[in-house]
């Protein structure tokens with residue numbers, strides 16, 4: 001998949017080093033990208049990303065309007081969870097014990113996309129993943 005070579009795979013690998021180990025993301029090679037567009041009224045309910053065979057981290061890039069991102073726990077859709085705002089250019093990585101945490105987008109903040117980001121309105125989220133599938 002040409003999109004996942006070069007800068008995107010390299011950035012995803014560098015961003016998956018939360019342990020402080022400078023080599024933690026060296027072998028991170030995403031083989032798929034999921035792209036979601038959110039308009040001003042879009043929402044995404046709490047869900048787990050569990051279709052992949054690989055336990056490798058999920059790397060998520062936000063472009064455009066800021067959103068409220070709800071990051072929960074791997075056991076249930078209910079609390080405890082933490083809400084945080086993801087702005088254009090933010091990377092969010094979840095792996096290890098948090099890899100299967102429930103997460104979602106309860107709100108998009110219209111009109112918050114920075115000039116020059118390529119979107120006049122709305123939000124794009126690009127999620128890089130390692131599927132663990134052959135071929």
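The values are calculated or read from the model by the stated rules, or taken from the named source; none is laboratory data. The structure displayed is predicted, hence computed values, not measured ones. Virtual Cβ from ideal backbone geometry, glycine too; neighbours counted across all protein chains shown.
Within 22 Å of residue 129 (Cβ to Cβ) and free of Cβ contacts under 8 Å to residues at least 24 places away in the same chain: does that describe residue 105? Taking the combined requirement at face value, the residue does not satisfy it. Filter the range 4-38 for residues that are over 20 Å from residue 131 (Cβ atoms) and modelled with pLDDT of 95 or more; which is surrounded by the most Cβ atoms within 10 Å (Cβ to Cβ)? Taking the candidates together, the pick is 38. In the range 51-88, what residues are modelled with pLDDT under 95 and more than 30 Å from residue 133 (Cβ to Cβ)? Of everything in the range 51-88, those that are modelled with pLDDT under 95 and more than 30 Å from residue 133 (Cβ to Cβ) turn out to be 78, 79, 80. For residue 118, the conditions (1) in a loop (DSSP other than H, G, I, E, B); (2) farther than 16 Å from residue 52 by Cα; (3) under 13 Å from the mean Cα position of the chain (by Cα) are fulfilled apart from (3).
Those residues that are crowded, with 19+ Cβ neighbours inside 10 Å and more than 14 Å from residue 42 (Cβ to Cβ), I need them from the range 114-135; list them, please. Before you say what the answer is, go through the steps one by one.
Keep residues of the range 114-135 that are crowded, with 19+ Cβ neighbours inside 10 Å, which gives 123, 125, 128-130.
128, 129, 130, listed by residue number.
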